[in-house]
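First the structure, in the form of structure tokens, and then the observations on it.
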């Protein structure tokens, strides 16, 4: 069964450093998402991406964040200058591009900012 | 704006007993409703969804959920819980005109042997 994959599973970085989180969505999916889950809190939407551009972003997704689909398979989230409060589990998801579709989630990347 | 409430942080049941995890939602239009489960150190796994039609939706691993429009609820149920059902359960809603999911805070289910 196809699945969303994410790398790395755990990333530790120093405050102020740039990090790139990588995702490979399900191959025939068209809509891609990033969500995050701060420890003990609910899963929050960050950004959605369709047709090589951002379709929606939350207030959390400020200028420090960017997303890219550099090739036909990868979908990345870049945090330019990490802050302590960026420490969270980051989930990538994808679906077929219809609002009734199920979003399938990857296993997540745990980002720890020191 | 859309939102989800899961009123119980924790649900504890004995194996073999019925399990219910509560969820209420708020959307401006017609809702699409989802349940996901998260096992320790794993991602979110899809259980079931309500889009339209029959109010009782059946999903994976023997779970089902009932959509109640008048009560704006979408409670998850399993007639006979297993120890392996112990996990964190999330309810999520999507407005018909939107693509992002809004999640509840999650409910930790513990099934004791």
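No lab work stands behind these numbers, since they all come straight from the coordinates. All values derive from a computational prediction rather than experimental measurement.
At-a-glance table
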read-out: Three semi-axes of the equivalent ellipsoid, segment B:51-100, Cα gyration tensor, whole Å, largest first; value: 23, 14, 10
read-out: Radius of gyration, Dmax [the protein assembly as shown; alpha carbons; angstrom]; value: 17.5, 51
read-out: Extension gain from residue B:41 to residue B:60, taking 0.36 nm per residue of separation minus the Cα-Cα distance; value: 4.8 nm
read-out: Relative pair counts by distance (%), Cα atoms of segment A:27-76, 5 Å bins; value: 4, 19, 30, 22, 15, 7, 2
read-out: Global geometry of segment B:1-54, whether rounded, prolate or oblate, following the gyration tensor of its Cα atoms and the 1.5 cut on a/c; value: prolate
read-out: Scattering profile of segment B:9-113 at q = 0.23 Å⁻¹ [log10 I(q)/I(0), Debye over alpha-carbon scatterers]; value: -1.28
read-out: Kirkwood-Stokes translational diffusion coefficient of chain A, alpha-carbon pairs, 4 °C, 1.567 mPa s, µm²/s; value: 92 µm²/s
read-out: Centre separation in Å (Cα based) which lies between segment B:20-83 and segment A:43-114; value: 24 Å
